[in-house]
Each structure stands twice: as C-alpha cells, then as structure tokens.
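Undergrad: Dumping the structure here so I can ask a few things about it.
The values are calculated or read from the model by the stated rules, or taken from the named source; none is laboratory data. This structure is a prediction, so every number in the text was calculated from the model and none was measured. All Cβ positions, even for glycine, are placed from backbone atoms using ideal geometry, and neighbour counts span all protein chains on display. Accessible surface is based on the protein model in full, side chains and every heavy atom, while ligands, DNA and RNA are left aside. Shrake-Rupley method; radii C 1.70, N 1.55, O 1.52, S 1.80 Å.
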Amino acid sequence: RNSPLRRLRERMGLGLQDSFMFVGYSADNIRLHGNYADVAVESAAQFVNADGFITDLEGGYDAKVIEGGSTFSTGEKQLLSFSRTILRDPKILILDEATANIDTETEKKIQQGLQNMRKGRTTIIIAHRLSTIRDADRIYVLRHGRIIEEGNHDSLIAEGGIYHDMYQLQTFQEKGEEDGE
C-alpha cells in the first residue's frame, strides 16, 4: 500500500498460459531488448531448466526463432518465457495457468524450474492443474468468483471438499496417462 504503483509493477514478473516468441534469436527472446549480458541470459535459462534444450538447438542461444516460435514445443516456449521473467529478478511472481497447455510429462520437467522461480518471492498462482499449487502455503478454491475453501494442500485434502475431489480426479487422470490409457 505504501509503494508507488510504478515501483510495485517493476517488481512483478508474469508467467502466462500462452508464451509468445519474437523473430530473432533464442537469447533475444529471453533478453527482450533489455541490456543484459549473455552470462545473465544463460544463468536465467539454467535457473528454470531451459538451458538443456537451448544448448541442443543448432546455434544454441544464437538459434534463430521465427515469429510465434512455431519450431518450439509449448513447453519449450514456456521455459523461454520463464527465463525471460526470471532474468528481471521479480520480487512478486504471478503465474496465470502457466502449465495449462503442457502435457503431464512436460509439466514434470518444468516443475523444478517453477520451484526455483518461486524461491524467495511472493507468488500468486492461478491454476486448474493442482499439481502446480500443491506446495503452496495458502490455497484458495474459487467458485463463481467467491472463495469456498482455503488452506494448504493437506488441510484441504483432509476436509474432503471440492479441492479434495478435484485433486483425486486429476491424480486419477494423470495416472491413466502415465499408464498409457
């Protein structure tokens, strides 16, 4: 409340459901015209576990990117976007359905990156995929814009309410995907 709005916005970082890639190079899509050294760009990519696929690209951080990043998978675009966000070292992180369009296998690969991103930051996560928020300190379950349940994962599971039911359903579906069903 005491911080000017501009200062608050400068401290925020976003991780959105859809990540847009711009024409240029891998490093440029992380840097986004900011004045960041190559070592900082690479460090941000390593921090969110994007470095592995970037270095496998022909040209690595100098690999060409076409508009929209159609040569990247959804997960790769998301990891580039996470790198872009973490490079700015936000103190407040907002993740809005950041894993929504990613298959379960890819999601598991980026969960460590998300865990790294959340360390030492106030994080607000908007998610339908409950595995993304399982370790949150506080979870709010909304229905029609109203909070109907709140607590941490364990307390919400113990309540046996809506969160419990959604978690059970998603766990069952993910198990079926892993088993090839």
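Undergrad: Count the lysine pairs in the chain whose Cα atoms lie under 28 Å apart, taking only pairs 8 or more positions apart in sequence or on different chains.
TA: 15
Undergrad: Can you give the net charge of the other residues whose Cβ lies under 15 Å from the Cβ of Gly161, counting K and R as +1 and D and E as -1?
TA: That sum, taken over residues with Cβ under 15 Å, equals -3.
Undergrad: What figure in square angstrom, to the nearest 10, would you give for the accessible area of Ile157 with a 1.4 Å probe?
TA: Around 40 Å² of this residue is reachable by solvent.
Undergrad: Taking amide H positions as placed in the peptide plane 1.01 Å from N, state which residues far from Glu149 in sequence (5 or more) or on other chains have amide H under 5 Å from it.
TA: Val141
Undergrad: Select one label from (i) 286; (ii) 105; (iii) 145: the one whose number is volume of the Cα convex hull per residue in Å³ as derived from the coordinates shown.
TA: Correct label, based on the coordinates given: (iii).
Undergrad: Please give me, ordered by residue number, the GluC sites (Glu not before Pro) of segment 1-101 that lie in loop per DSSP and have at most 13 other Cβ atoms within 10 Å.
TA: Glu58
Undergrad: Okay, helix-only estimate at 222 nm for the chain: each DSSP H run of n ≥ 4 adds -39500 (n - 2.57), divide by all residues, round to 500 deg cm²/dmol; what do you get?
TA: -13000 deg cm²/dmol
Undergrad: On to the next question. Run through the DSSP bridge list for the chain and note the antiparallel percent, rounded to the nearest 5.
TA: 40 percent
Undergrad: Find out how many positive minus negative residues lie around Arg121, taking Lys and Arg as positive, Asp and Glu as negative, among other residues whose Cβ is under 10 Å from that of Arg121.
TA: Around Arg121, the surrounding residues sum to +3.
Undergrad: Here is a follow-up. Can you send over the solvent-accessible area of Ser26, 1.4 Å probe, protein chains only, in Å² to the nearest 10?
TA: Taking all protein chains as shown, Ser26 has close to 0 Å².
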